[in-house]
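To start, the structure under review is shown below, and the notes come after it.
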Amino acid sequence: MGSQGGFYQSKEFLDLVKSIGEARSKAEEDRIVLGEIDTLKRRISDPDIPKRKMKEYIIRLVYVEMLGHDASFGYIHAVKMTHDDSLLVKRTGYLAVTLFLNEDHDLIILIVNTIQKDLKSDNYLVACAALNAVCKLINEETIPAVLPQVVELLAHPKEAVRKKATMALHRFYQKSPSSVSHLVSNFRKRLCDNDPGVMGATLCPLFELITIDVNSYKDLVMSFVSILKQVTERRLPKAYDYHQMPAPFIQIKLLKILALLGSGDKQASENMYTVVGDIFRKCDSSSNIGNAVLYECICCVSSIYPNPKLLESAADAISRFLKSDSHNLKYMGIDALGRLIKISPEIAEQHQLAVIDCLEDPDDTLKRKTFELLYKMTKSTNVEVIVDRMIDYMISINDNHYKTEIASRCVELAEQFAPSNQWFIQTMNKVFAHAGDLVNTKVAHNLMRLIAEGFGEDDDTADSQLRSSAVESYLHILGEPKLPSVFLQVICWVLGEYGTADGRYSASYITGKLCDVAEAYSDDETVKAYAVTALMKIYAIEIAAGRKVDMLPECQSLMEEFLASHSTDLQQRAYELQAVIGLDAHAVESIMPSDASCEDIEVDKALSFLNGYIEDSIEKGAQPYIPESERSGMLNISNFRNQDHHEASSHGLRFEAYELPKQTLQSRIPPASLASTELVPVSEPMYVRESYQTTIVPSASSDAGSTELKLRLDGVQKKWGRQTHSPATSTSSSTSQKTVNGITQVDGSNTSNSRTRETYDSRKQHVEITPEKQKLAASLFGGSSKSEKKPATGHKIPKPSSHVVEKSHARKSSMEIASEKKASFQQPPDLLDFGEPTVKSAAPSVDPFKELEGLLEPTTQFASAENHGSTAAATKSPDMMGLYTETPAGIYDKDDSDILSGLSNPPVTNMFGGTTSTQVAQSSKGPNLKDALEKDALVRQMGVTPSSPNPNLFKDLFG
Amino acid sequence: MIKAVMVINTQGKPRLAKFFEYLPLEKQQELIRNVFGVLCSRPENVSNFVEAESIFGPDSRLVYKHFATLYVIFVFDSSENELAMLDLIQVLVETLDRCFKNVCELDIVFNYSKIHTILDDIICGGQVLETRSTEIMRAVEEISKLEAAPNAITLIPKSSSGWLSR
């Protein structure tokens, strides 16, 4: 299999894959796999199979297990393979054990020793394989066994090993922070690693550490800012560029870290403003990854101490996201909006129509995100609309998990913002009726409490109104069949407490209803219990009021049934009811005071009523009570018992391993002292020599501050590449921004792109917005006071917003010019320049893969022509929908001519969601046909030509 | 942190599954089934993100991408950026494409261990380790060379001296 190197498997394996692929049912597949398991069982236990065969069997086992069948019989063989001397066999062994075993598996003990040895191996590939296994298979108990070796590898000359060792240490930290707490300073050290890849990897553990304890890492703010600055200025080697962005994944991690560090810290935030602003300007919003960085910037801006200029840039970026045709960007836009409205609530207003469109989008994910946003921006003025929408959506979905969530959100919003009692009760009724069985019982208890307490104000008439409207609506609802149990419990409780309170309904009417409930839901004991207690309350109220109580005949028969019930709870309640009815008014009033559910019950914690009894007992010779604290003191005095106790404990099994002596150090301790007490000595890595030269820069120490071990990143700053800021890129990004913001460009793409979805460009809003939408927008964003001006708000708002966009854009371009000027001033080359001598600004178009990359890039609505040069015109393929249509199955059918015709006229099936013109596809996919045919031929040779059921197996992923 | 990487074909057959936190076999299968159920019911032309909390528990997000006959799926938590994960899928598939020249489903089935090697280079212990496909390719090719060598079963020098003892 030419291109597949030496990884190929035997014909048997191909046969297996083929037959599984062709299986028509799950049962048939299972039969085939079970057959395979039998074969493997027989062969694998053969003592003298060649290693190569063994390797294949293990891979086949992994495959079988991925299909969901137990392959545990082969685990031990995988473990044995890790002991092998051959690199290939060993690697396969490690792969298999990481997939088969978990950290608590019994066989791990057999691997630890091998891992220990392999971590010390000369061959870095072996060390890498072992580190992979370490990440997955080492648990808290075995960490000490491999920790020294892993720490040593942090200084390995190969950067791949250093990266993995950092990850392994991070993993240890996740599993057991205490066992590596003395080593966290290593992460700080790795941050200054010469290799940007290792530095990037170190950001993962640092991010986690900072999430847990921000304050210990505040000293790193400047370092992170300076790294981010270097990254954005393209001082990293060109290899880190991804889709023309400089190291975007590192940028994203850094922005996340800065967001944590700057949260609520004005001083730290101020250091970040410049660099974050730079990213906003430089970011290429035509590529997916560019938008990822932009989104992260918005998150960062909304988390750190607010800065008006940055907030404006963030709002701009959000509006671009929301106006985009891409669902992904809309999703991110909604999410970002949710973050930003916490700081500047007014920006939501500009985007009201976009938000409403997202709410009506067929994409469920987007819809849910939008509901999340609405949830965040609910006020008393728009609560009715939002909750109604939520309930409608809740009714329409089947996903129980989300139904539960949205139901509890509705309840929460209704409780917080309800405009009227009537509305509140109705909303709760709807929620309970449709999702009653899903909501947490706590929600039901909350509702009961709320009805009992009222809305907190000392307005008794409002409270009693709330109660009587609840009673009325519940009596009405009881007529409906099949209500959720939780809802019925609420109904019973409310009817019991307040059914007769306003005097509109007679006791016999309410009790009749309650009896109906208990009969209709006779298989639900909780509901029956609630009903009985409610009955008891009603009767108690009647008795207390001095009225004569007549038990309804159906009620009596119900009681008789309950008195003989299998449920002790029901029985007890029924007996209590019987007893209460027999009492006089005075007694009943003290047992069951009316409307006292909110009163606190006084509990005599000192149990003073028992004093007499105790005195009696002491007089009769009983030991007085000794409090626990004094008791233990007595134990200390009685020496012999104490010794006894001690011995007992020392004889017991010790579960703690004899581990390395370790100091219990707080993570708060400054790094300087940490370093001195470090138990596992970290030899200074050899390659560090280079960086010394720069770290001696005097300015580095002068502004350093507190600890001497503080990172000197001021020196590091000079490491990556020379300061050749490319003016060409900055201009191109500014032009692309221009095209984004400008209305004309959007319009242009509209005309050329006949089937793009409607955009939210301001001109269109005048034309296309339906009155309903405007109304909705007004009620969501405008508030009730503006309701008269409803049609006006829809028209009015977009105008200022577009104005703002233009203004900010003008400012932006002027800033762009300034930055260009700055950039043209070149700094002298650094000493430690290991980047390419000259950083080319434009991507070389000769590289065929670059061309491919260009194709793969998702072309969003505002894709600028700059990216693809002359091909761009073709790139704007108008048919977005067509791209997702499947290539007609059977391209690789047996008929050869079919293949040829299928490929010579390739259907536009770009799976990257981007747009490719057929022309470009052909030119870049030149080898496609040949390769595919080769592959096909090879498989034929092996005798596994898949027949009709899965010809797609051969379909090139890229179209 | 990334919780899982899956490759499922459009008929629901798993082609690759890697969970970065241990899960019992049955649970893995159930998750794969559930994910496929959600993905195949999604309309075309919608976002690449799916609400995953009902499948994977709280704080989990799912990003997928549909290639020819395959879904490539990443599951991760809130410490990762969705759009960046989408690009990570892109990195993975681009790397595969470089590796196999016009990668197709068949390549993934037949080169199981190689795919895992690539994945181990990109993600380690649930964290993104490497995003340069050239770099990943180099590492993979180094191993390929060893495998393709005539005496493919190369012995590792037994001495554990090397750079450490220096």
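Taking a ≥ b ≥ c as the square roots of the eigenvalues of the Cα gyration tensor of segment A:549-588, is the shape rounded (a/c under 1.5), prolate (a/b larger than b/c) or oblate? Before the final figure, lay out the partial values.
Numbers: a/c = 4.14, a/b = 1.42, b/c = 2.91.
In terms of gyration-tensor shape, oblate.
Looking at the square roots a ≥ b ≥ c of the eigenvalues of the Cα gyration tensor of segment B:1-64, which shape do they give, rounded for a/c under 1.5, prolate if a/b is larger than b/c, or oblate? Working shown, then result.
On the way: a/c = 1.79, a/b = 1.24, b/c = 1.43.
Judged from the Cα gyration tensor, segment B:1-64 comes out oblate (a/c at least 1.5, b/c at or above a/b).
Taking square-rooted eigenvalues a ≥ b ≥ c of the alpha carbon gyration tensor, is segment A:199-282 rounded, prolate or oblate, where a/c under 1.5 means rounded and, failing that, a/b exceeding b/c means prolate? Mind dumping the intermediate values first?
Details: a/c = 2.35, a/b = 1.46, b/c = 1.62.
Oblate shape, in that a/c is at least 1.5 and b/c is the bigger or equal ratio.
Assuming 0.36 nm per residue, please report the length gained on full extension of the stretch A:Lys342 to A:Ala564 beyond their Cα-Cα distance. All intermediate terms of the calculation are to be shown ahead of the outcome.
Numbers: separation 222, 0.36 × 222 = 79.92 nm, distance 5.89 nm.
Extra length available between A:Lys342 and A:Ala564 comes to 74.0 nm.
From other protein chains only, count the Cβ atoms within 10 Å of every residue's Cβ in B:129-137, then give the mean. All intermediate terms of the calculation are to be shown ahead of the outcome.
Working: counts 10, 8, 9, 8, 4, 2, 5, 0, 0.
For peptide B:129-137, the averaged partner shielding equals 5.
Compute the angle between helix B:133-148 and the longest alpha-carbon principal axis of chain B, please, reported from 0 to 90 degrees and rounded to the nearest 10.
50 degrees
Tell me, in nm to one decimal, what length is gained between A:Leu552 and A:Ile614 on full extension, where the rule is 0.36 nm per residue of separation less the Cα-Cα distance?
Working: separation 62, 0.36 × 62 = 22.32 nm, distance 4.80 nm.
Answer, rounded to one decimal: 17.5 nm.
Could you grab the relative contact order for segment A:358-485? Cα pairs under 8 Å, six or more apart, rounded to a whole percent. Kindly include the intermediate steps, with their values, before the conclusion.
Details: 93 pairs, mean separation 27.2, N = 128.
So the answer I get is 21 percent.
Counting only other residues whose beta carbon sits under 13 Å from that of A:Ala501, what net charge do I get with K and R as +1, D and E as -1?
Around A:Ala501, the charge tally is -4.
Bear in mind that the values in this text are calculations on the coordinates, not laboratory data. Since the structure is predicted, the reported quantities are computational estimates derived from the model, not experimental observations. Cβ: placed from backbone, ideal geometry, glycine included. Neighbour counts: every protein chain shown.
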